[in-house]
Amino acid sequence: MIERPEPVSRVAPPMATMAQTMPATASSQRAMARGIARAREGSGREHRRAWIQYRQAGPIRHQAKRRAARAAAGHPGPRLALGGTGCYRTAAMHPAPGTTPTPLLSVVIPVRNEAPNIAPLVAEIEAALAGVAHEIVYVDDGSTDATPAALRAAAAGAPLRHFRHRASCGQSAAVITGVRAARGTWIATLDGDGQNDPADIPRMLARAEAGGAMLLVAGHRVTRRDSWVKRRSSRIANRIRARLLGDATPDTGCGLKVFPRALFLALPHFDHMHRFLPALVLRQGGTVVSEPVNHRPRTRGASNYGTLDRLAVSLFDLMGVAWLQRRGARPVVESTDADGPGA
């Protein structure tokens with residue numbers, strides 16, 4: 001009986017096998033290209049499987065290359081779960097454990113196109129909090145000016161960490177990002193335009209610490225240094241809000257507030273929530289007190305958030321917060337016999 005030789009398979013091997021067995025030379029690359037072409041044009045099952053595997057692996061390879069390039073260039077990483085399309089955080093929201101001491105206070109400052117105000121405000125904060133263990137957390141809400149460069153320069157000489165939204169998501173989203181990234185037990189929020197006075201923070205912090213873990217200290221701008229339109233719209237909004245929500249806060253629009261970080265994280269988060277913090281804290285079972293603070297005219301830059309359009313949006317948000325208040329319930333938990341000594 002004559003033995004016949006094994007027939008040579010006309011089926012091209014899978015792409016992975018071809019890549020592993022062929023040396024990385026110019027000729028091997030040309031051979032690989034010819035193999036890919038044969039796999040693409042072939043009609044057999046192995047041809048189709050090889051070509052499908054090659055096409056499916058392409059996007060994965062390209063995504064990995066893009067991520068590596070963005071990481072090498074220092075661009076932001078994963079998308080935030082809250083804040084809408086275009087809101088991003090850097091890959092490390094917190095530094096590695098043990099690298100820096102935990103501060104008592106984190107000053108959270110949302111900014112958008114406030115490059116001229118970065119260095120002067122940081123210097124004022126450092127002077128006001130010289131005796132307090134603190135950090136400064138800036139959140140750049142999609143600035144298009146030199147704000148990122150100004151933040152990098154300021155971080156070289158101060159305990160400052162900064163994060164950036166790839167696109168503008170609003171002041172509330174920036175505050176949420178900053179509080180989540182903060183490491184302090186207490187949070188002080190501050191507008192980035194220089195109108196709030198950092199010298200008021202130590203007094204507000206002392207009052208907050210004396211009040212406990214469920215207290216919000218809200219700044220009250222007794223003498224506002226704003227335009228007539230801003231003052232008038234704010235007065236109207238405060239009256240409507242106080243009537244519907246009963247938060248007993250004369251100036252909820254003041255950006256200067258001090259509160260426990262844990263209390264803020266327990267609140268419902270939504271766009272424009274920073275205007276309703278007193279009502280949300282009361283709904284949570286906390287206490288709100290107002291503290292008179294200094295207010296200064298803007299000397300650098302221009303306002304980046306509207307006034308009349310902001311008033312219209314706040315009216316819709318007001319209805320939502322009123323709904324939250326009606327749906328909120330604070331149960332009083334009592335101990336049972338199972339919690340006693342004999343349990």
Handout entry: Tabulated pairs, the range 199-213, first farther than 11 Å from LYS257 by Cα, second outside any helix (DSSP H, G or I), C-beta under 6 angstrom, 6+ apart or interchain
Key = ARG207/VAL217; ALA213/PRO260
Problem - Condition met for ALA119 (among the aliphatic types (A, V, I, L, M), more than 28 Å from ARG224 (Cα to Cα) and surrounded by fewer than 19 Cβ atoms within 10 Å (Cβ to Cβ)) - result: no
Exercise for the section: Considering each of LEU245, LEU215, LEU263 in turn, give the residue that is at pLDDT 90 or above and either over 27 Å from the mean Cα position of the chain (by Cα) or buried (at least 20 other Cβ atoms within 10 Å of the Cβ) (or both). Expected result: LEU263
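Residues checked against (1) in the same structural domain as LEU121 (by TED's automatic domain parsing); (2) at pLDDT 90 or above; (3) surrounded by fewer than 17 Cβ atoms within 10 Å (Cβ to Cβ):
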{"position": "ASP251", "(1), (2), (3)": "yes, no, no"}
{"position": "LEU256", "(1), (2), (3)": "yes, yes, no"}
{"position": "GLY286", "(1), (2), (3)": "yes, yes, no"}
{"position": "HIS295", "(1), (2), (3)": "yes, yes, no"}
{"position": "THR307", "(1), (2), (3)": "yes, no, yes"}
{"position": "SER335", "(1), (2), (3)": "no, no, yes"}
Handout entry: Pair list, Cβ under 9 Å, 6 or more apart: the range 130-145 residue in the same structural domain as GLY157 (by TED's automatic domain parsing) and more than 11 Å from LEU104 (Cα to Cα), other residue among the polar types (S, T, N, Q) and buried (at least 23 other Cβ atoms within 10 Å of the Cβ)
Key = ILE136/SER106; VAL137/SER106; VAL137/THR177; TYR138/THR147; VAL139/THR177; ASP140/THR147; ASP141/GLN171; ASP141/THR177
Practice task
Write out, first by first residue and then by second, each pair whose Cβ atoms fall under 7 Å of each other, whose residues are 6+ apart or on separate chains, and whose first residue, in the range 163-176, is under 11 Å from HIS272 (Cβ atoms) while the second is modelled with pLDDT under 95 and not in a loop (DSSP other than H, G, I, E, B).
Solution key: GLN171/HIS274; SER172/MET273; SER172/HIS274; VAL175/HIS274
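The values are calculated or read from the model by the stated rules, or taken from the named source; none is laboratory data. Just so it is clear, the structure is predicted and the values come from calculations on it, not from any experiment. Every residue, glycine as well, gets a Cβ built from its backbone with ideal geometry; the counts of neighbours run over all protein chains shown.
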